[in-house]
Amino acid sequence: MTPAERLAGAPIQTPPAPPPPPSAPAAAALPIARVHVPPRSWRGDARAIKIVWRREMIRFGQDRLRIVTSLVQPFLFLFVLGTGLSRIASAGTHGVNLRTFVYPGVLCMAVMFTAMFSAASLVWDREFGFLREMMVAPVRRGSLVVGKCLGGATVAGAQGAIVIALAGLVDVPYDPGLIAAVFALQLLLAFSVTAFGVMAAARVSQMQSFMALMQMVIMPMFFLAGSLFPVSGLPRWLEILNRIDPLTYAVDPMRRIVFSHLHIAPAARQALDPGVTWWGWRVPTLVEAGVVAGLGALMLMVAIAAFSRGE
C-alpha cells in the first residue's frame, strides 16, 4: 500500500492466515521411514571377518614406516648381536655360525612384535570410537575378533616372510620344505600372539598401558624361550621358566627344522639343538605346534567372551 492510499483511508490489507495444522488422522497417514536390521547369519559373520581382515591389510600396506621399523630389531639381533658375539661363542657353537643359531629365534621375534602391535590397534579404535561402531553391527562380536586375529596373523606372516628371505645370509639353505614348514609355524605363532594381544586389549583402555604391558610380556618371553641360548644344561629355575614360556614351543620346532637341513657335526647338533624335554622325553615337533595352537585357541575364546560381554 502506498503512502497516498494510507492518507485516503484505504482499508489495510492483512496477509492471509497460515493454513491450519493437519489433524491427527492426517498426520498419522504420513509415510514413516522404516529401518530394516538384517538378522544375524553365518554369511554375515563371514563377511564381517573378511572386512576386518581386509582393513588390516589396507592399514598394513599404507603404513610403510611400520614395515621398515618393525624390521629394525630382527636386523640388530641377527647381524649386529650375532656378528659381535660370534668370536666369543665360537668355542661353544662347534664351528657353527652364531647367526645361524639365533636365526629361528629372530624369526619368532619378528612375528611376535608385528602380531602384538597389530592387536594394539584395537586400543586406538576404542579411544577414537571406531570400535563402538563395529560393535553395534548386526554380526556376532566373535566374528570381529576372528577377523582381527586372522588379519594380524597375515600381517605378521608377511613381515616374517621378509626375514625368511634373509636365510641365505646366515648360511641357511633355501630349501622349499624348510621355507614352507617355517612359514606355517610363523602363521600359527602369529595367530596365537594376536589372540593374546586382542585378549589383553579387551581389558585395557589406554594405549600407554597396553604398550607397557606388551613390553613387560614380550621381552621376557623372547629371552626365556631359548632364542639366544640352547635349552639344555640350564639351571633348574631357568629350565622351569623356559618350559612354561609359550614361545619356547615355537622357537624349538623352528630351530629343529632349520638344523635338519644343515650339514654339521653330530656334536654341534647335540649341543645347539638338544630339543625341549619333559621329564627326559623330547617333545616332538607336532606336539609343540599343538601347544602353540591350543594356547592360541584358548586365548581366542577368552577374547571372544570378553568382547561379547559388552563395550
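Where a number appears in this text, it was derived from the coordinates with a stated rule and is not lab data. Bear in mind the structure is a predicted one, so any value in this text is a computation, not a measurement. All Cβ positions, glycine included, derive from the backbone under ideal geometry; neighbour counts span all protein chains shown.
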Once amide hydrogens are built 1.01 Å from N within the peptide plane, the residues lying 5 or more places from T277 or on another chain with amide H under 5 Å from its amide H are V283
Enumerate the whole-percent occupancy of each 10 Å bin, from 0 to the last occupied one, for all C-alpha pair distances of segment 42-308.
7, 30, 34, 20, 8, 2, 0
Loop-resident sites, segment 247-287, for chymotrypsin sites (Phe, Trp or Tyr not before Pro), counting at most 11 other Cβ within 10 Å (DSSP):
W279
Tally Lys/Arg at +1 and Asp/Glu at -1 over every other residue whose Cβ is under 10 Å from the Cβ of S118; what's the total?
+2
Expected unfolding gain across R203-H261 under the 0.36 nm per residue rule, minus the alpha-carbon gap, is 16.6 nm
